[in-house]
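The values are calculated or read from the model by the stated rules, or taken from the named source; none is laboratory data. Given the structure is predicted, the values throughout are model-derived calculations rather than measurements. Using ideal geometry, Cβ is built from the backbone for each residue, glycine included, and neighbour counts are taken over all protein chains shown. For accessibility, only protein heavy atoms count, side chains too; no ligands or nucleic acids. Shrake-Rupley method; radii C 1.70, N 1.55, O 1.52, S 1.80 Å.
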Amino acid sequence: MGDFPSSEPTIEVRSPHQGAALVVLGGEHDLHSADRLRQTTDDMLFGNEHLILDLSRAEFIDSTIIGVLIHAMKKAEGCDRKFTVVLGTAPVVERVLEITGVLALFNVVPTVEQALAA
């Protein structure tokens, strides 16, 4: 069984430069990781001017994670912060966001570098 890539949900937090928080999701995210992701995004909005969520390594997200993304975007807007979603090479995730109609709500870029330049 060790031959298969892990789909365990991961949440990594980075600070690419002062005032920017980068939250990188990997694996499959659903109800079980939603609370942790919500807490992470809430924490990162405090003290940062720009919250970037990188979904490039995410293999799956469900409706609870979409709800967390919308919550983070609205909270960022309410705090006058920038909110950017990096999709990169996550076509499955992009398709889920597109089908649910929320893709158009987000400021989406293909790379973290472009998010930082925004």
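Suppose we filter segment 28-69 for residues that are more than 15 Å from Val86 (Cα to Cα), among the hydroxyl-bearing types (Ser, Thr, Tyr) and buried (at least 22 other Cβ atoms within 10 Å of the Cβ); how many remain?
Of the residues in that region, 1 qualify.
Among the residues of segment 103-118, which ones are within 15 Å of Arg81 (Cα to Cα) and modelled with pLDDT of 95 or more?
Phe106, Asn107, Ala115, Leu116
So which residues in segment 70-104 are among the aliphatic types (A, V, I, L, M), open to solvent by 10 Å² or more (accessible area, probe 1.4 Å), within 21 Å of His50 (Cα to Cα) and in contact (Cβ under 8 Å) with a residue 24 or more places away in the chain?
Result: Ile70, Met73, Val102.
Among the residues of segment 82-103, how many are acidic (Asp, Glu) and over 21 Å from Thr41 (Cα atoms)?
Qualifying residue count for the region: 1.
Take the residues in segment 1-27 that are at pLDDT below 95 and of a type in the set (A, V, I, L, M, F, W, C), then tell me which one is surrounded by the fewest Cβ atoms within 10 Å (Cβ to Cβ).
Across segment 1-27, the extreme among qualifying residues is Met1.
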